Every structure is written in C-alpha cells, then in structure tokens.
1. Tell me, what ³J(HN,Hα) does each residue in segment A:22-29 have, in order and in whole Hz, if you take phi through Karplus 6.51 cos²θ - 1.76 cosθ + 1.60 with θ = phi - 60° and put x for Gly and Pro?
2. With only Lys, Arg, Asp and Glu charged, each at its Cβ (+1 for the first two, -1 for the last two), find how big the charge dipole of chain A is about the Cα centre; round to the nearest 20 debye.
3. How big is the antiparallel share of DSSP beta bridges in the protein assembly as shown, given as a percent to the nearest 5?
4. Report, as an integer, the average count of C-beta atoms from other chains found within 10 Å of each Cβ along D:88-95.
5. Starting from the Cα gyration tensor of segment C:77-127, multiply each eigenvalue by 5, take the square root, and state the resulting semi-axes largest first in whole Å.
6. Counting partner chain Cβ atoms within 10 Å of every residue's Cβ in D:35-41, what's the average?
7. Would you work out if segment A:44-92 is rounded, prolate or oblate? Take a ≥ b ≥ c from the square roots of the eigenvalues of the alpha-carbon gyration tensor; rounded if a/c is under 1.5, else prolate when a/b is larger than b/c, oblate otherwise.
8. What residues have an amide H closer than 5 Å to that of residue A:97, excluding those fewer than 5 places away on the same chain, when H is modeled at 1.01 Å from N in the peptide plane?
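Throughout, read-outs are computed from the coordinates displayed, never taken from laboratory work. Remember, it's a predicted structure, so these values are computed and weren't measured experimentally. Reconstructed Cβ throughout: ideal geometry from the backbone, glycine too, with neighbour counts over all protein chains shown.
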Protein chains: 4
Amino acid sequence: MELESSTAPSLDEEELDQLMAVADKAKLKAYSPYSNYRVGAALLASSGDTYGGCNVENSSYGLTICAERTALFKAASNGERNFKAIVVTSDHSEEFIYPCGACRQVLSEFGNMDVYMMQPSGRIRRTTLEALIPFSFSKKILDDAEKQRLEEWE
Amino acid sequence: MELESSTAPSLDEEELDQLMAVADKAKLKAYSPYSNYRVGAALLASSGDTYGGCNVENSSYGLTICAERTALFKAASNGERNFKAIVVTSDHSEEFIYPCGACRQVLSEFGNMDVYMMQPSGRIRRTTLEALIPFSFSKKILDDAEKQRLEEWE
Amino acid sequence: MELESSTAPSLDEEELDQLMAVADKAKLKAYSPYSNYRVGAALLASSGDTYGGCNVENSSYGLTICAERTALFKAASNGERNFKAIVVTSDHSEEFIYPCGACRQVLSEFGNMDVYMMQPSGRIRRTTLEALIPFSFSKKILDDAEKQRLEEWE
Amino acid sequence: MELESSTAPSLDEEELDQLMAVADKAKLKAYSPYSNYRVGAALLASSGDTYGGCNVENSSYGLTICAERTALFKAASNGERNFKAIVVTSDHSEEFIYPCGACRQVLSEFGNMDVYMMQPSGRIRRTTLEALIPFSFSKKILDDAEKQRLEEWE
Ligand SMILES: [Zn+2]
Ligand SMILES: [Zn+2]
Ligand SMILES: [Zn+2]
Ligand SMILES: [Zn+2]
C-alpha cells in the first residue's frame, strides 16, 4: 500500500486495508456489458459496517448506476446515515479514478467523508468529498427556499 | 392476504408472505425527506435469496433512487442475474402503486419476473414485468445495431 | 411511408411526414461516442410546434439522456405542457425501436400521446404511450398520498 | 449587477447582462410541482448562440432534470459542442445556488467554462466548472481503459 495524501486520514491502516479488500472484491460482481469497464467501491459507515458496490449498467445508458452509489444505496437502505470513508477502484491500472459528479452529489447528501482512489496495484490516493464537490447543492438550500416561499405568502 | 390475479403466480403462498414481510420492513428505512413518501420493495432472486430496498432521495431530485432499483442494485452487486418476483409497497393505503418507468426498465435488463403491488393492509395484486413494459428496449437491440454497423463498414 | 397500426392515428399524413423529417434530422446531431448508436426524436405539442431531440451521452453512463427526453425537455422549457405525438428513429434498419422505460415515464407526466417508431427506410409503426406504460406512476398518486398523510395527522 | 469574482471573466458586461436575462426568463417556464422550486439557466455556446433551460420535474423524482442540463441538452441537440459560460438562477434570494453534481458532470463532458450564480436581485458570483468538479471523470479515462484492455488481450 502506497498512500498519497497531504492530510491526516480518518482511518487507521488496518481499517483502510479491509476497505480496500472489500472494494476489490465488489468489483468482481460488476455488470458492465456496455462499457466493459468494471468499478468497485467500499463504503465505511459510522456504525463500523462496510458496504461494497459495483457498477450495474443498463441498455438505456441513462439508467446505469455507478459502484459508489450502489454502495451508498445499500448502506442507506440498511438505515445508515453517516459515513467515514469510501474507497473506489477499477481495472484501470494507470490512473486514479475519481467518482463522477452524480456520485459526489449522492454521497454529499449525507455529509463529508474521506474519499480514497485505489489502483489495481494497491497504490492509493486520498482526498475528501468536500474537496471534490465544493459549494454542493444540499437539503439546506431547499429548506431555506421553502421557508422563504412560505414567508412571502404570509 | 387477498391476492388479485388472473394467472398463476410463480410463488407459493409461503414465499409470497415472506417477500411481503421483507418489503414492509425495508420501507421503514426509507430516506424520503423531500416527498415524505416511503416505498419498500423486496426482490426474490432465482438463487432463492431475497433483497430488500427503499427509496433514497436527494436534494437534486434527479439523483433520487426508487425502492425497486435499490433492491435490484443490491442483488446485482451480490452477483444475482436472474429474478423470480418483486413486491412493492408504500404508505398509501388506497392504491396499488406500480413501479415507475425507470424501475421497469432497470428490472427488465434481467428478463421477466412477477411483479406484486401490496397495500399496507396486505391486499395484493399481481402482474408481470413484461405486461408493465411491453416492447422493452434491451441489450439485444444494441447488440444487433452494433453488428449491423460493423457489417456496413466491411 | 408504410404505416403499421390497428387504430386511427391522431395525425394526418402531412403532419406525420413533417414530424418524421424532424426526427431524421435531429438524429444527425446525436452525441453518442460511447454507444455509437444515434437516436432522433420529434415531439409535436398541442400548440402545433415541433421539437426535435437526439441522445446526448456522458462518460458517466448514468447521466446520458435519450432523444425522446431531450425533445420533451426542450418543449417543456418552452412552456409546452400538452402533446399529440412523438416519432422515434435510429440507425437501426431492421427493428422498430421503442422508447426506454425512463422516457415513457417522463413523457407520461404530461398525459397520453401517439408514439411512432420509424425505421431509416421510412417504415413506421404506431402505438400509444398508455399502451407502453400501463398503470403508470403519476402525480395523482403522490397528491393522494400527501392528502392521506395530512388527514392522518389531524 | 454586482459581480463577485477574483479572476477575469470570459464575458464582457453586455454579454453577461444578456445571459442573465435569458436565465431569468427561462426560470418562468419551470415545471416544478413537486419541489415548488424554480430554477433557470442560460448557456452561451462558442458559436455565440444562447440556450435557456429550466427544471422539469417528474412524479418519479429520479427522472427530474435540472435547468442547467435542460440548457445543455438543447444546445447539444442543436450541434453545439463548445461552451463559454453558464448562468444559473432561482427564486431563492439569499443564497448563491450552485449546480448539483450531476449537472457539473454533464457540463464537464464538453470541457471547461465560466459558471455564474445569480440571485433574483441581480447579485452575481463567478467561478469555473473545473473549480466545481476537480479531477472530473471523463471520456479520456474510458478511452485509456479501453486501450489498456485491448492491449492486455493481445
Ligand atoms: Zn458515479
Ligand atoms: Zn421507480
Ligand atoms: Zn429513453
Ligand atoms: Zn443539477
């Protein structure tokens, strides 16, 4: 494991190793007949439980889901609402693959977390969700807008 | 349990009871602060395993996922590729709630299955996925189109 | 033009010819570097105006949009809320290509309409949106559920 | 107009004024019966043409589209592939509303551009798309992965 990061991680080495193993294994379940591009993710909830996910593609491309969101939907449907970290990996050996904008948005619904990008070799880089989606659109904005709308009606 | 259906179901009563219980329980985990509308689903794979799902909403409404797809993504990321039946339920007591078009499409990627709509009272209605999305857009169409495209190039 | 249909169309031949031409032309603008599969659509609003659309794909497959929805979003953002018919076409010469489930759902938000599937040769088949997405999930369901929820609180 | 920005804009004041007017007008066409939250956008293509967009919601929340993507799909289906700037506005008077992650991803498919957030009062803030979605997932990644996959097969 070779970690690139300029700030302190939220996980210790053992936790990260375990999360990387879950992401690697989750990748093997990918359903990706259209892109031939397998992605795996592992999401660590504050509860201590870990949720793996892979991409699940669809003939109508727009209904494809990414590995990161699969992991998040699994966790959320298990009652999880707070997360510590996510690891993302693919078959692509020469690049660190970052989550797409849709996944950044869906993850950010539940607050900030560490985001790790892992190459198949085990090389890993760390950042945070807030760094990947600054000024995110959030529930607070809709709540404030609704409040303002109701006040204007009075 | 009061089942409305004109054709023979693919499940026996015990299997259906168990699937209904999973859907009911999955509904309780819904994250639906925007619609205040909770939906639960339970998907029975050909392996015999059952996967529960709920809706997980997002402040960017377009990134919301339905209960049926949550269940499907959980199953698919566990390696499941064939399904026997899905049960859908909500808090809405007076209507049978059918899956939206996006869920019909995502489920149909993996072939036909029975679809059960359940009211909170336990009243239930059965149909099939093919009846809900006739002439579905599928992988075969893209494969044929690609084959035709390559032939035209030769 | 060779039209397959068992029921009376909502358009006369001239209107249909014009709509088919718009769909054909819209297809040429497709941005489809991932699927290499071009689709065009033309949507006729009750106002008499026509809106063309093509698929616009994304490297994150799940953010891809279909031709039918592009046409609908163009029309809706121009203030249109009622529609008479949509024509869909692709480069695929041997099949009638039907809208995916997501497009059926988005179109059905605005009620029923005729749906025409056109082959590059000009062969055409007609159906209705309601036939393609029976028992559709709709605004009425959410409105009723909200009403029921508020009543239970009283 | 009161512009907050630390770097030089890509538009002159007249162009920006015109784009702001288009966004304001596009907002009025919003179809938002679920959120009651209207958003407008105006996208300036390198061709010099401007495309307005609004949010178009759906009873299946996940099929809702944002104003920014409506504008982008209109432009792309008109053949546009390069963009200079986008303006986003809403009815929310006290906040600068930034695009959601899905819109950032869809816009970034076509490269960088200026992004302006406008309040109803005319107050405006400027940033760039690259600042809003750093390390974006892109076509290049899929192309490289495909190339690597084919090389490994040889
Ligand atoms: Zn993603
Ligand atoms: Zn659905
Ligand atoms: Zn579609
Ligand atoms: Zn958006």
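1. Per-residue couplings from phi come out as 5, 4, 4, 6, 4, 4, 5, 8 Hz.
2. Details: 16 positive and 24 negative charges, 91 e Å.
Rounded to the nearest 20 debye, it is 440 debye.
3. Details: 72 of 108 bridges.
Looking only at bridges with both residues in the protein assembly as shown, the antiparallel portion is about 65 percent.
4. Per residue, the number of nearby Cβ atoms from other chains is 3 on average.
5. Numbers: eigenvalues 101, 24, 19 Å².
Working from the Cα gyration tensor, I get semi-axes of 22, 11, 10 Å.
6. 3
7. Numbers: a/c = 3.41, a/b = 1.68, b/c = 2.03.
Oblate, since a/c reaches 1.5 and b/c is not below a/b.
8. Residues meeting the amide H criterion: A:118.
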